[in-house]
1. With the crude spin-label approximation of a point 7 Å out along Cα→Cβ, what separation in nm comes out for residue 61 versus residue 137?
2. Filter the trypsin sites (Lys or Arg not before Pro) in region 77-126 down to the DSSP loop ones having no more than 14 other Cβ atoms within 10 Å, then list what survives.
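Any read-out appearing in this document is the output of simple, stated calculations on the displayed coordinates, not a laboratory observation. Computed from a predicted model, the values in this text were never measured in an experiment. As a convention, Cβ positions derive from the backbone with ideal geometry for all residues, glycine included, and neighbour counts pool all protein chains shown.
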Amino acid sequence: MTGTLLWLAALAVLSLVAAVVLRRTASLAGGTHELDRFQSDVVAIHQGLTDTVGPLVAHLDDVRRGAADPAQTRPEVDGARASLRTLSERAHRLKPPAALADRSQQLAWEVDRAVRAADMAAHGISQMGRVRHDASTEAQVALKRGTLGLRHAREAVARIMMDTSRLTPADVRAMPPTRAAGLILTPPTDEDLLVGGEDAPTS
């Protein structure tokens, strides 16, 4: 009788150990899948931003140099603004691992900066169309700041993408749950907010 009880106790312990191991394995597999999905989403947002901002900046540079008609450029600018807004919505819907929450927030903030910069550039385009010459200080400043903001946002998103793509599940597990190690968050400056911020003029 005593031997039977000992075997039953041993089986219970083994079952408990097996359950813990299975739970741990499932948790690790889930964490790996979550990281893979987040990395894939970040790459897609980076690619979308690059594909949108590159041609947009080229159009804006042509307008600034007087090589393109602002009125004819407006459809491309408006199309890019719509694409950037879609990317912004996607960035805000990301579901990162807990340790990468700050990184996800920084990515969304940079995409939002690109949206604001495109809005300011569009304002410059509209001003040029109204005054019908390139000497408008307001229009030139809006175009310059908008173009600069787009470039900065593109570069920042590229850095976040590269930094995130290098991470392994082990790296993420070693991070604190509320802070992404190695990423320095940059709060908005007065210059950033001026580049298409909430109070910036829009067309």
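1. It works out to 2.7 nm between the two label points.
2. Passing sites in region 77-126 are 93.
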